[in-house]
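Encoded as structure tokens, the structure appears first; notes follow it.
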Amino acid sequence: MASSFSFLFLALFLLFLSSPALSSNNDDEFVLSSTKFPVPMAEKLINQLNLFPKHDINKVEPGKSVATTEQRLFEKKFNLSYLGDSGATVQDLGHHAGYFRLPHTKDARMFYFFFESRSSQNDPVVIWLTGGPGCSSELAVFYENGPFNIADNMSLVWNDFGWDKVSNLIYVDQPTGTGFSYSSDEDDIRHDERGVSNDLYDFLQAFFKAHPQYEKNDFYITGESYAGHYIPAFASRVHQGNKNKEGTHINLKGFAIGNGLTNPEIQYKAYTDYALDMRLIKKADYNAIDKSYPKCQQAIRLCGTDGGSACMAAYLVCTSIFNKIMDVVGDKNYYDVRKTCDGDLCYDFSKMETLLNDEQVKHALGVGGIDFVSCSSTVYQAMQLDWMRNLEAGIPPLLEDGIKLLVYAGEYDLICNWLGNSRWVHAMEWSGQKDFGAARSVPFTVDGEEKGIQKNHGPLTFLKVHDAGHMVPMDQPKAALEMLQRWMQGKLSKEGHFAHM
């Protein structure tokens, strides 16, 4: 089997290199420059955020685990000093950090934050997953929708639009090796959504056992970017566990994907269309780059049926489309095309690394001598064969059972753009597909101001968010909080006047 996968990979790769569409000298140079292997690409992506983790993955020596108790879930309440007023209406506001010993691993520990709602214990429980793959969810804690932001003097300031204002909020460092999560055994590194979703499901079972007061609360799964893969798989795993009556019933009500990668076959075709629509490339560029798509499509379909090396071939062939667009675009920030990158620096998230590697902070969080790995190039590489898988395929059964899905996307993101997300949502085959396609697009307004355009039918909602890039809660924090709250309350899709998507 391994030899046939290797032959398929070689055949696809040679087909890619010999394509007439890539026969000019300039195109040959592009092929050689764009077929980078995953680790250097991952390191470049990480460094563009001004993140320089000390290690490429969190691995400890056997017997050196932080959580040494017999408990499978070890949690402690922490209290860092915060500036400003939390606005909390509860008397005892609990912030927790902990480790969960993953049962179906040799020695893996999953780190998490849990922030009790500032409003009510009865608020929904929401879990957030950051993408990468391999980036810590602390990116969201401190720069997007967590309870606080990091000031220039490294103080923590309350976030007026933190999602803990309307939910009991969980952030996890996953897959294993990301953030403060770690193992002593390389076999615990995950390579696909089955492993990732099983770990998350096991964590939830332990979490609700430790916090039975939240068992009956509504539960929602949220996240962005590569979490467009994690979230559908995780939602399906929770739903399956409920149906099979495995352990504690989890009151799953919905899942939300922000600027995600979910259906690569559709979304990679949208790259050139979006870039042309946004005037990032010219028609001649479009025509040249778009010739690569049929090979990308073929490779993705082989990945779906054959797996293995076919998926690596698909990764190499398809990412060349994005890379060639960036060769034309230059220093534009592909997370937000309104902005430019300063050399290799597109965002500066370095304060997070500084804070979480501070010894006093690490002591307060109970992580011992574990260093914080903001993004793991090893985890990124380990998930490469998962990249071109279509995770949309598992969503229709969830919709048919009434579980809500919100897909939202900032309009200025190139890398997981709104156009590709809108297309896969519309193309998804389920009983409400025709009615969703015929539904009106209406404005999403906050305080009387249009903040986006939305479309809904039954459990499915799509929202294009104005004036935002890849990280909607960072760019539009108030609108993102309103979006979450209304969606959970079933009030997001109220009728309004007609609007063009």
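In terms of its C-alpha gyration tensor, segment 200-301 comes out prolate, because a/c is 1.5 or above and the ratio a/b outweighs b/c.
Summed over the residues of the chain and divided among them, the accessible surface reaches 40 Å² per residue at a probe radius of 1.4 Å.
In segment 398-465, Rg over Rh equals 0.98, where Rg is the alpha-carbon radius of gyration and Rh the Kirkwood radius from pairwise Cα distances. Overall, the ratio between the Cα radius of gyration of segment 433-479 and 2.2 N^0.38 Å, rounded to two decimals, is 1.25.
Normalising the average separation of contacting C-alpha pairs (under 8 angstrom, six or more residues apart) by the number of residues puts the relative contact order of the chain at 19 percent. Of the peptides 304-311, 414-421, 94-101, the order by per-residue mean of other Cβ atoms within 10 Å, starting with the highest, comes out as 414-421, 94-101, 304-311.
For the chain, leaving out every one of the GluC sites (Glu not before Pro) that falls in a DSSP loop and has at most 12 other Cβ atoms within 10 Å, the longest unbroken run is 71-428. Rg of the Cα atoms in segment 357-501, relative to 2.2 N^0.38 Å, amounts to 1.28. Charged neighbours of ASN357, selected by a Cβ distance under 10 Å, balance to -2 (K, R count +1; D, E count -1). Left without a cysteine partner by the 4.7 Å Cβ rule in the chain: CYS416.
Computed across segment 131-175, the Kirkwood hydrodynamic radius from all distinct Cα-Cα pairs reaches 11.1 Å.
When the helices of the chain are scored as -39500 (n - 2.57) per DSSP H run of n ≥ 4 and the total is divided over every residue, the value at 222 nm lands at -11500 deg cm²/dmol.
Beta bridges assigned by DSSP with both partners in the chain are antiparallel in approximately 55 percent of cases.
Accessible surface of the chain, 1.4 Å probe: 50 percent of it comes from carbon and sulfur atoms. Structure note, pairs LYS44/LYS351; LYS165/LYS243; LYS283/LYS434: Cα-Cα distances above 24 angstrom occur for LYS165/LYS243; LYS283/LYS434. Please go through the residue pairs LYS59/LYS332; LYS106/LYS404; LYS77/LYS216; LYS59/LYS106 and name each one whose alpha carbons sit more than 24 Å apart in this structure. The pairs that break the limit, which is 24 Å between Cα atoms, are LYS59/LYS332; LYS106/LYS404.
The listed peptides 363-369, 178-184, ordered by packing as a protection proxy, come out as 178-184, 363-369 (highest mean of other Cβ atoms within 10 Å first).
The values are calculated or read from the model by the stated rules, or taken from the named source; none is laboratory data. Values in this document were obtained by computation on a predicted structure and should not be read as measured data. Positions of Cβ are generated from backbone atoms using ideal geometry, with glycine treated the same way; all protein chains shown enter the neighbour counts. Side chains included, ligands, DNA and RNA excluded: accessible areas come from the protein's heavy atoms. Shrake-Rupley method; radii C 1.70, N 1.55, O 1.52, S 1.80 Å.
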